[in-house]
Amino acid sequence: MKNSKFADVARTVANGDPPDWLVLGLEHFGGSIGVDISKKDRRHFDNIVKQMQGAVHILQTWAPMWLHAGFGLQCPEHVVALLYALPRVKKDLDIFAKKQIGRRPDENREICAAVIVEAWKLLHGKVEPNSLKFQRACNEYWRACGGKQIGGWDEPENWRRPVERALTTGHGWIEKILLAVQNAH
């Protein structure tokens with residue numbers, strides 16, 4: 001594991017010998033970061049999001065019937081959990097479906113930055129987004145994931161915008177996965 005292409009990135013993030021969970025966590029996300037998304041794949045993804053939005057709408061409309069079933073029937077706990085989760089799922093899907101004006105920010109770079117943000121927070125407590133070391137970790141991870149050079153000289157400062165988006169957009173799901181990997185080791 002220490003010989004993986006993510007071990008050097010993990011050393012940069014950890015500022016020394018990395019814990020095994022960090023290398024595994026970086027490997028976990030690494031397969032989909034740095035991969036170009038074709039217009040066809042994007043249309044397919046957008047179509048799936050629309051279908052999921054329709055499914056959430058149907059569930060939000062009809063699942064509450066369990067609350068009023070009558071005849072002494074109790075609403076199952078999993079249905080209560082579903083009713084609680086559906087507005088959150090809808091909100092996330094609405095973010096995915098939101099059409100943006102102008103050039104679409106590179107989601108892969110934002111996710112790359114978010115993985116480094118969450119790993120950095122777990123190891124160091126807080127992120128210093130303007131530090132050259134932090135930006136270098138983002139760039140190293142991007143390149144380890146197969147991402148192409150950014151800008152004319154592949155400068156770490158090119159990570160300023162993706163890091164800003166990663167910090168302002170909720171990526172708690174990344175933290176949860178990294179914590180699960182950490183707790184498994």
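FYI, it's all coordinate maths here, none of it is from the lab. Just so we're clear, the structure is a prediction, and the values are computed from it rather than from any experiment. With ideal geometry, Cβ positions are generated from the backbone for all residues, glycine too; neighbour counts draw on all protein chains shown.
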Under the rule rounded for a/c under 1.5, else prolate if a/b exceeds b/c, else oblate, using alpha carbon gyration tensor axes a ≥ b ≥ c, the stretch 43-97 is classed as prolate
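Compare the peptides 108-117, 86-95 by average per-residue count of other Cβ atoms within 10 angstrom and give them in order, highest first. Don't jump to the answer; show the numbers that get you there.
Values: 108-117: 25.0, 86-95: 13.8.
Peptide ranking by packing, descending: 108-117, 86-95.
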Pairs of Cα atoms under 8 Å, at least six residues apart: use those to get the relative contact order of the chain, whole percent.
-> 32
Taking Cα pairs under 8 Å and at least six residues apart, what relative contact order does the stretch 43-97 come out at, in percent?
-> 51
Would you mind checking which residues have amide H under 5 Å from residue 33's amide H? H placed 1.01 Å from N; only 5 or more apart, or other chain.
-> none
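Using only DSSP helix segments of four residues or longer, with each worth -39500 (n - 2.57), what per-residue ellipticity at 222 nm results for the chain after dividing by its residue count and rounding to 500? Show your work: numbers first, answer last.
Values: 8 runs with 117 residues, N = 185.
Here the helix-only value at 222 nm equals -20500 deg cm²/dmol.
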If the cut-off is 27 Å between C-alpha atoms, which lysines fall inside it for residue 98, apart from same-chain ones fewer than 8 positions away?
-> 39, 40, 50, 90, 148, 176
In the chain, if every C-alpha pair distance is counted and binned at 10 Å from zero, what percent goes to each bin?
-> 9, 30, 28, 20, 10, 3, 0, 0
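Per-residue counts of other Cβ atoms within 10 Å, averaged by peptide: what ranking do you get for 22-28, 156-162, 135-141, 74-80, highest first?
Details: 22-28: 22.0, 156-162: 17.9, 135-141: 23.7, 74-80: 11.7.
Descending mean neighbour count gives 135-141, 22-28, 156-162, 74-80.
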Centre separation in Å (Cα based) which lies between the stretch 129-185 and the stretch 78-98 = 27
